[in-house]
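For reference, the structure is listed below as structure tokens.
The values are calculated or read from the model by the stated rules, or taken from the named source; none is laboratory data. In this text, all values refer to a predicted model and were calculated from it rather than measured experimentally. Virtual Cβ from ideal backbone geometry, glycine too; neighbours counted across all protein chains shown.
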Amino acid sequence: MRAVACRDRSVALRRGGAGVLLVLLSALSTILVGGAAHAATAPCSPDDATACLNVTVTVPGTGPVAGVTLTVEGGDEPVTATTDDAGKVSVTLTAAGDYTVTVDESTLPAGTVLRDPAANGATVAVALGRSAGRIVQIVPPGEAGGATGEQTDDASASAAPDDASTAGVDSEAGAEAEASAEASAGPGTNRYAQLVLAGIVFGVLLALASLGANLIYGTTGLSNFAHGELVTLGGMTAFMAVQWWNLPLWAAIVVSTAAGGVVGWLLNRVIFAPLRRRGVGITQQMIVTIGLSLAGLSAFLFFYGAQPAPIVAGISQRMQIGPVQISGQSLVSVGVALVVLAAVAFALSRTRLGRATRAVSDNPALAAATGIKVESVISRVWIVSAALASLGGVLLALYLNTTRFNFGSTLLLLMFAAITLGGLGSPLGAVLGALVIGLVVELSTIVLPNDMRYASALVILILVLLLRPQGILGRAERIG
């Protein structure tokens, strides 16, 4: 009991600390929602005295499966439940420990079996105050033999279930980190067309996340190695807003974007503006960003732990469009990213701030001589860049089905590859480079294992530096 109490206090400390961090970063106050409903149809919500065991039954590439019966054993009495229309079962437990989840195979849809029948009767560790879960995959008989599912942790049953704004944008909770469902070819799809679609979607979202780093480089010459942590900030803030505070998804996106903007302003105001005034060189500033990256990585690990943290815990039905399928959350994510990218392009080309930003990027001294307040422009670029990174983090987390403490740092080299390929300091080049990287990453899985798909993008980075260092749209610079 003492160990359980200590673990509960640890969980409370991490959640409370994360809440304080968000308040300091975003200057926003959030009131915690009252106690969870206990109606039989309401989703489980963990507290100090209860835990939640969430089980999802799904067909990969197709969607959730309703009407499957399963049994949860390990408590005083076994609990039998049936999956709902979202393919989910949420069981409230009052004691910590190991529970066994067994699927009644006779209730599976006709023509399907468990992907790994030998793993039926899986054991899931449950702790009070947290949610644990398992995804059970069922497939046609010829595809059996893989993993039944994977255990997930800290994913509540549902976020704002009555809010219409979250309809159709749920992601597969606990799915494999950084492996999008869009890259899997379900029934009735063409594998190559599906991979092209996945590459385009991933490229658009990567462009949004990496655009800010290119803007900062263009105006200050600084390669920001802490940019990945700004991406993680967006995903983790959205996770906290949805799963801990029960905010609707759209509100979580707004809060995450605002938090990123505030952090960008603080980074420039407290650290980098004073360094520029003191004449600290770009190399030294870059080393500072590496330190900030390591500090941010450690902070996220402390507050959130190492477990995957899906923002939403439902499953989005995939839609068939010709030879490809795409999920609802991917459509929403791409739509938001395209609108924001178009808005940034318009602002850079048609607004006074955009023209001033381009002038500072071309020649800061000449821009200052013409009356442009260079420091004011750089400060606004930091705010916009960090906000874009945080927004990109949320959308990428929805697309990749999860986020975690090292989410952004994993994607950082891909973002740098996209920026370098497109041209350092060129916003349009960053978008083009990200699209190329996205396509290469997904299409490389045709010949490479999935775990090596990011390596192909880094090979492109090396080749670009060797053959065309300025990138696709970058300007060649004379040396010597």
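Pairs under 6 Å by beta carbon, first residue over 13 Å from residue 109 (Cα atoms) and outside the structural domain of residue 106 (by TED's automatic domain parsing) in the range 52-80, partner part of a loop (DSSP other than H, G, I, E, B) and hydroxyl-bearing (Ser, Thr, Tyr), six or more apart or different chains? Matching pairs, first to second residue: none at all.
One residue alone among 195, 267 is outside any loop (DSSP other than H, G, I, E, B), at pLDDT 95 or above and buried (at least 17 other Cβ atoms within 10 Å of the Cβ), and that residue is 267.
Pairs are defined by a Cβ separation below 6 Å, a sequence spacing of at least 6 or placement on different chains, a first member in the range 385-410 that is within 20 Å of residue 442 (Cα to Cα), and a second member that is among the charged types (D, E, K, R); the pairs so defined are 400/178; 401/172; 408/229. As a summary of the residue check, residue 404 satisfies the conditions (1) basic (Lys, Arg); (2) under 20 Å from the mean Cα position of the chain (by Cα); (3) part of a helix (DSSP H, G or I) except for the one numbered (3).
For the range 243-255, state whether one or more residues are under 30 Å from residue 324 (Cβ atoms) and not in a helix (DSSP H, G or I). Yes, the range 243-255 contains a residue that is under 30 Å from residue 324 (Cβ atoms) and not in a helix (DSSP H, G or I).
When 293, 349 are screened for being polar (S, T, N, Q) and closer than 22 Å to residue 274 by Cβ, only 293 passes.
Scanning the range 300-337 for residues that are surrounded by fewer than 18 Cβ atoms within 10 Å (Cβ to Cβ) and over 17 Å from the mean Cα position of the chain (by Cα) yields 302, 317, 319, 320, 321, 322, 323. Residues in the range 218-246 that are touching a Gly at 6+ places or on another chain (Cβ under 6 Å) and within 17 Å of residue 430 (Cα to Cα): 218, 228, 231.
Across the range 135-147, a minimum of one residue is classified as at pLDDT below 80 and surrounded by 15 or more Cβ atoms within 10 Å (Cβ to Cβ). Restricting 429, 393, 438 to those that are assigned by TED's automatic domain parsing to the domain that holds residue 261, within 18 Å of the chain's Cα centre (by Cα), farther than 16 Å from residue 227 by Cβ and in a helix (DSSP H, G or I) reduces the list to 438.
Could you check, for the range 225-247, whether at least one of its residues is charged (D, E, K, R) and over 14 Å from residue 408 (Cα atoms)? Even if it seems obvious, please write down each step before you answer.
Step one: filter the range 225-247 for residues charged (D, E, K, R), giving 229.
Add one more test, that the residue is over 14 Å from residue 408 (Cα atoms), and what stays is none.
The answer is no, given that none of the residues of the range 225-247 is charged (D, E, K, R) and over 14 Å from residue 408 (Cα atoms).
Within the set 356, 347, the sole residue that is buried (at least 21 other Cβ atoms within 10 Å of the Cβ) and in the same structural domain as residue 333 (by TED's automatic domain parsing) turns out to be 356. Within the range 441-448, can one find any residue that is in a helix (DSSP H, G or I), of a type in the set (S, T, N, Q) and modelled with pLDDT under 80? No, the range 441-448 contains no residue that is in a helix (DSSP H, G or I), of a type in the set (S, T, N, Q) and modelled with pLDDT under 80. The residues of the range 313-338 that are modelled with pLDDT of 80 or more and either in a loop (DSSP other than H, G, I, E, B) or not assigned by TED's automatic domain parsing to the domain that holds residue 212 (or both), listed by number, are 322, 323. Scanning the range 339-390 for residues that are part of a loop (DSSP other than H, G, I, E, B) and of a type in the set (A, V, I, L, M) returns a single hit, 372.
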